[in-house]
Amino acid sequence: MPEVANISSLSKGVTDLARDAAYVAVGLGVLGFQRAQVQRVDLQNKLSSQDFSLEQYLENVRTGVTKGFQQFDELAETASEFVETTLQPLEEKLPPSVTQLTSKAREQAREVRTQIRQLVVNA
């Protein structure tokens, strides 16, 4: 019976690790979104305090949005890589039933990234 207990504790450990990795991914996504919002407000303040032509205004908005989105995307990519590199070595040692769990965690992390990207694009 030691193998069952060992697999059980191992699967619990993997589950905990997957949950923590998902929390990190979501947290990094939230931070990226907040950073983009802060840059948007900063850009609005800069534009309201200076006299710009419409073309300059639009160009500054595009530049600010592009920069914020790039920073967000870098954070999301870092979170995704963290999840992948954390779970990959463990998956090789796990039975197939537990590997399904880790695959699901990676899929959820990708889905979170996609949803956050959608929110940023629509904002």
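Three semi-axes describe the equivalent ellipsoid of segment 6-64; taken as square roots of 5 times the Cα gyration tensor eigenvalues and ordered largest first, they are 46, 9, 4 Å.
With the helix formula -39500 (n - 2.57) applied to DSSP H stretches of n ≥ 4, the chain reaches a computed 222 nm mean residue ellipticity of -34000 deg cm²/dmol. Computed over every Cα-Cα pair of the chain and binned at 5 Å starting from 0, the pair-distance distribution P(r) comes out as 2, 11, 18, 15, 12, 10, 9, 7, 6, 4, 3, 2, 1, 1, 0, 0 percent. 3J(HN,Hα) along segment 9-18, derived from phi through the Karplus expression 6.51 cos²θ - 1.76 cosθ + 1.60 where θ = phi - 60°, amounts to 5, 5, 5, 5, x, 5, 4, 4, 5, 5 Hz, with x in place of Gly and Pro. Each residue in 57, 23 was given a count of other beta-carbon atoms within 10 angstrom of its own, and listing them fewest first yields 23, 57. Among 58, 27, 13, whose Cα sits farthest toward the positive end of the charge dipole of segment 9-78 (+1 at Cβ of Lys/Arg, -1 at Cβ of Asp/Glu, about the Cα centre)? So the residue furthest toward the plus end is 13.
A Cβ-based charge dipole, computed about the Cα centre of the chain with Lys and Arg at +1 and Asp and Glu at -1, lands at about 240 debye.
All other residues with a Cβ under 14 Å from the Cβ of residue 111 taken together, and with Lys, Arg as +1 and Asp, Glu as -1, what is their net charge?
+4
So what's the angle, to the nearest 10 degrees on a 0 to 90 scale, between helix 96-122 and the longest Cα principal axis of the chain? The two axes meet at around 10 degrees. Taking other residues whose beta carbon is less than 11 angstrom from the beta carbon of residue 39, and scoring Lys, Arg as +1 and Asp, Glu as -1, yields +3.
In order along segment 61-73, the Karplus-derived 3J(HN,Hα) couplings, from 6.51 cos²θ - 1.76 cosθ + 1.60 at θ = phi - 60°, round to 5, 4, 5, x, 5, 4, 5, x, 5, 4, 5, 4, 5 Hz, and Gly and Pro are given as x.
Read-outs: derived from the displayed coordinates by stated rules, not from any lab. This one's a predicted model, so the numbers in the text were calculated from it and none came from an experiment. No Cβ is skipped: glycine too gets one built from the backbone with ideal geometry, and neighbour counts run over all protein chains shown.
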